[in-house]
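The values are calculated or read from the model by the stated rules, or taken from the named source; none is laboratory data. Bear in mind that the values here come from a model prediction, so they are computed numbers and not experimental data. We place every Cβ from the backbone using ideal geometry, glycine too, and count neighbours over all the protein chains shown.
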Amino acid sequence: LPLVKASNSLSLSLQAKMSRPVQARRLEGIDKNIWVEFVKLAATYSTVNLGQGFPDFPPPDFLKEAFVRALSGENHMLHQYTRAFGHPPLVKILAQFFGKLLGRDLDPMTNVMVTVGAYQALFCCFQAFVDDGDEVIIIEPFFDCYEPMVKMAGGMPVFVPLRPKAPKDGKLMSSADWQLDPAELASKFSDRTKAIVLNSPNNPLGKVFSRGELEVIADLCVKYDVLCISDEVYEWLVYDGKEHIRIASLQGMWDRTVIIGSAGKTFSATGWKVGWTVGPNRLLQHLCTVHQNSVYHCATAAQEAVAQGFQRELKLYGKPESYFVQLPKELQQKRDWLVQSLDAVGMKPIIPEGTYFLVADISKFKSDVPDVPDSDEPYDSRFAKWMVKNKGLAAIPLSAFYCGAHKNNYNHFIRFCFAKEEATLKAANDILQKWKWEKTNP
Amino acid sequence: VEFTKVAADPSIVNLGQGLPDISPPSYVKEELAKVAAVDRLNQYTRGFGHPSLVKALSQVYERVCGRKIDPLTDILVTVGAYGSLFSTIQALIEEGDEVIIIEPFYDCYEPMVKMAGAKPVFIPLRNKNDGNSASSADWVLDPAELANKFNSKTKAIILNTPHNPIGKVFTREELQVIADLCIKHDTLCISDEVYEWLVYKGNKHVKIATLPGMWERTITIGSAGKTYSVTGWKLGWSIGPQNLIKHLQVVHQNTLYTCPTPLQEALAQAFGIDYKRMDDPDCYFYSLSRELESKRDRMAQLLQEAGLKPVIPDGGYFMIVDVSTLNVDLSDVDEKQPYDYKFVKWMITSKKLSAIPLSAFCGPETKRQFEKYIRFCFIKKDSTLDAAEVILKNWNKQTA
């Protein structure tokens, strides 16, 4: 009998492989991801990594200390589940802090939900609000995940570009020179439009939308009864005395906006993956539904530490010792440093008003990477790959932030991240200087 | 969500929600504290899983499964096992599919299957001793009934062993029945094995993925929270063949992209420590289950002395209890609610002891079958069990 059993299971095992298509159709067209490829390239070849957006300096001491306290304190229950929609101390301080910024009374239990990074907050928004056939307006260039997330939810992304205006004579372009055409924007709205994604300060350009620009968007949202998913992760990184204006504070917008924030960007701790959403309960309750059916709880200890970080910042709000004052000050200097480095060698930087990214025009370096007429790959992508392999300098092609159809529209720009130690930026400068020297002395 | 709120009251002895109130092992806490001081570990790591963690997982599971597991292609690290269930279902299940769910079931399976647009098909574990159940092993699937649930639309079956809430540890023979059907109907198996290390004397945890023909069609899910008593770390993993895991990775890169770095590094270190002593009885994988076995036995005794009928679990850290023997009359309370819901609410208010009603773990057809049972969690420190003992010893005095 055992012998019969053995041969039975052998013949069964020959049929072992899944013979039918196994993956769900919602994965169609969203399997490619630029970061998987470029992170690998940077890891393999780069000596100076200005590619992926994360600081190479540590989070502030007060935050690290808060984390260690949370982990090694008497209360070992910080290693167990906390409240699913957000650790109570964290949602309380976020409600207080953002209530103050928005001039509103916020309920920590219904107006705030904590997520696994701003990335998961975006996911919850698209899953909660976007149905089959809904259109979602995305402003190009955009943080690349918006498009696949809209598609995964069954929605249809509708793109509208920021268009560069020529800068004043002899001056470098600013991210402020990239603007929406109001008529073009209005033409994208229809009764199928469910939401618009706003990212200000904008990754990759660093644009900080002005009040006037936000009002144009707000008016259209109100007119067409459209939701606004407002990705404000770089809200503290604004330079030259500019103001980050929250679209939710504009007339008619609180009730239709979800604001997304990130501890990773706020406190230079991207690896903690703590994010949040702020908005009216009528919208947030649906985010909670998605959240409780996808991850349910977020890790406790990091939430506790972030709560303490915010408590400190609330006390120091507006004061010179506030991290939210010091960090942009430091980053502005780094921005200026990198702008100078790039300009000196002939790469034309677009001066960002915010974020820790800047985009530079590499047209003067095109001779190093000859055009390949029939190539599927956008020019800037080939350029960036060549640059990391041959110069050890990692950056991200701007085409990564455009939809497939538009990838060749602005294909001679690359994005640099300048949230880096002085030594890193100096090393980048050395590579650029050497490169320029080699071009002028072949 | 509903029951966590009710039992948040500190005057209530909480044996409801499945979270330990015992401390994680000290080396686990220490590793995390050490990691917090390393600057680069506060920034993004590899999306599909921190390199040192996927390496450690592949080592441990290669040993357990007796097969090569590629850390980069055969493993995905997720936000808890919950996140693995979500990624698996979103990746592989869609409208038109049917997914078999064994009742009682961990409650998220049903809404996750529905969210993916598919139809849950339920099959209950049945008490083979018809009313008198002393052990989780008494609860079995009827093979003919199970076979009837499979058809051409069946995309997957969700298996949970050791089982929450009953604590059943499926035997090799029982798994073979399921495996044969999966192979015959060319379906997937989503195997939730979060309690894999918590098996008590006389029982062995068998991985269905190790049965012939099953590796290619199985996603096996594990949990750091349950392995190391750190539910608040929310780290889990899916292990399977590259051609399935790659789809989970696509979901992951479009949902949260990467899991927290410091937690993953600390977990990798903890796994490193225990991997080295997998031949040693002091390995936490074995020592935790020994610790829990005595808590299980103590809990069972207390419940029996109070006149309740516990179903002794072969694994996991939950125990279900038949409360019908107490004959508590709740007929004047809201008719529409199942008995166990009413009983738990009554028990919380009048006895200051909380548990979870078993009908929370059932599909609509089966709720009546399980409404005389409630679930207790026994991964609790001695003082919690002492407090429960006081309540249970005084129980009959008050009701008499």
Worksheet, complete the sentence: Within segment B:100-148, the count of residues that are more than 14 Å from chain A (Cβ to nearest Cβ) and either part of a loop (DSSP other than H, G, I, E, B) or under 21 Å from the mean Cα position of the chain (by Cα) (or both) comes to 28
Discussion item. Pairs needed: first member in segment A:288-314, within 7 Å of chain B (Cβ to nearest Cβ) and among the basic types (K, R); second member anywhere, assigned to a helix (DSSP H, G or I) and surrounded by fewer than 22 Cβ atoms within 10 Å (Cβ to Cβ); C-beta distance under 8 Å; at least 6 residues apart or different chains.
Written reply: none
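For every residue, the table says whether it meets (1) surrounded by fewer than 20 Cβ atoms within 10 Å (Cβ to Cβ); (2) touching a strand residue (DSSP E or B) at 6+ places or on another chain (Cβ under 9 Å); (3) acidic (D, E); (4) within 14 Å of chain B (Cβ to nearest Cβ).
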{"position": "A:M152", "(1), (2), (3), (4)": "no, no, no, yes"}
{"position": "A:V160", "(1), (2), (3), (4)": "yes, yes, no, no"}
{"position": "A:R163", "(1), (2), (3), (4)": "yes, yes, no, no"}
{"position": "A:G170", "(1), (2), (3), (4)": "yes, no, no, no"}
{"position": "A:A176", "(1), (2), (3), (4)": "no, yes, no, no"}
{"position": "A:A183", "(1), (2), (3), (4)": "yes, no, no, no"}
{"position": "A:K188", "(1), (2), (3), (4)": "yes, yes, no, no"}
Worksheet item: Counting only residues that are crowded, with 24+ Cβ neighbours inside 10 Å and outside any helix (DSSP H, G or I), how many does segment B:234-253 have?
Response: 7
Worksheet item: Can you tell me which residue in segment A:111-139 is farthest from the chain's Cα centre (by Cα), limited to those that are within 14 Å of chain B (Cβ to nearest Cβ) and assigned to a loop (DSSP other than H, G, I, E, B)?
Response: A:D132
Worksheet entry | Cβ pairs under 6 Å, 6+ apart, first in segment A:28-44 and facing chain B (nearest Cβ under 10 Å), second surrounded by 13 or more Cβ atoms within 10 Å (Cβ to Cβ) and in a helix (DSSP H, G or I) | A:I30/A:P148; A:I30/A:K151; A:I30/A:M152; A:D31/B:V250; A:N33/B:Q253
Discussion item. Can you confirm whether A:S381 is closer than 13 Å to A:T266 by Cβ, touching a helix residue (DSSP H, G or I) at 6+ places or on another chain (Cβ under 7 Å), of a type in the set (S, T, N, Q) and free of Cβ contacts under 8 Å to residues at least 40 places away in the same chain?
Written reply: no
Worksheet item: Looking at (1) farther than 29 Å from A:H76 by Cβ; (2) within 14 Å of chain B (Cβ to nearest Cβ), which is the only condition A:D343 fails?
Response: (2)
Item to complete: Identify all residues within segment A:203-228 that are of a type in the set (A, V, I, L, M, F, W, C), without any contact (Cβ under 8 Å) to a residue 40 or more places away in the chain and within 30 Å of A:I396 (Cα to Cα); write none if there are none.
Response: A:F209, A:L214, A:I217, A:C228
Worksheet item: Residue check, B:Q269 against (1) of a type in the set (S, T, N, Q); (2) within 12 Å of chain A (Cβ to nearest Cβ); (3) out of contact with any strand residue (DSSP E or B) (no Cβ under 9 Å at 6 or more places or on another chain), all met but one. Which one?
Response: (2)
Fill in: All positions within segment A:364-387 that are over 26 Å from the mean Cα position of the chain (by Cα), of a type in the set (G, A, S) and outside any loop (DSSP other than H, G, I, E, B)
A:S367
Discussion item. Just to check your reading of the model, which residue among B:E371, B:E365, B:E389 is out of contact with any helix residue (DSSP H, G or I) (no Cβ under 8 Å at 6 or more places or on another chain) and acidic (D, E)?
Written reply: B:E365
Worksheet item: Among the residues of segment B:276-285 satisfying the criterion of being surrounded by 16 or more Cβ atoms within 10 Å (Cβ to Cβ) and touching a residue at least 24 places away in the same chain (Cβ under 8 Å), which is nearest to the chain's Cα centre (by Cα)?
Response: B:F285
Practice prompt. Among the residues of segment B:160-200, count how many are away from chain A (no Cβ under 14 Å), of a type outside the set (V, I, T) and either surrounded by fewer than 24 Cβ atoms within 10 Å (Cβ to Cβ) or in a loop (DSSP other than H, G, I, E, B) (or both).
Written response: 14
Worksheet item: Across segment B:24-64, which residue is surrounded by the fewest Cβ atoms within 10 Å (Cβ to Cβ) among those that are within 8 Å of chain A (Cβ to nearest Cβ) and basic (K, R)?
Response: B:R40
Worksheet entry | B:A300 without any contact (Cβ under 8 Å) to a residue 24 or more places away in the chain, assigned to a helix (DSSP H, G or I) and crowded, with 16+ Cβ neighbours inside 10 Å | yes
Item to complete: Test B:A91 against the stated conditions and say whether it is aliphatic (A, V, I, L, M), in contact (Cβ under 8 Å) with a residue 60 or more places away in the chain and facing chain A (nearest Cβ under 8 Å).
Response: yes
Item to complete: State whether the residues of segment B:64-72 include one that is touching a residue at least 40 places away in the same chain (Cβ under 8 Å) and in a helix (DSSP H, G or I).
Response: yes
Fill in: Exclusive hit being within 14 Å of chain B (Cβ to nearest Cβ), under 21 Å from A:G354 (Cβ atoms) and of a type in the set (A, V, I, L, M, F, W, C), set A:A263, A:A248
A:A263
Worksheet item: Could you say which residue among B:T261, B:T227, B:T231 is crowded, with 21+ Cβ neighbours inside 10 Å, touching a Ser or Thr at 6+ places or on another chain (Cβ under 7 Å) and hydroxyl-bearing (S, T, Y)?
Response: B:T261
Worksheet item: Just checking, which of A:F85, A:F38, A:F98 is at pLDDT below 95 and surrounded by 17 or more Cβ atoms within 10 Å (Cβ to Cβ)?
Response: A:F38
Fill in: Only one of A:Q96, A:Q80 that is facing chain B (nearest Cβ under 7 Å) and either under 26 Å from the mean Cα position of the chain (by Cα) or over 30 Å from B:A118 (Cβ atoms) (or both)
A:Q80
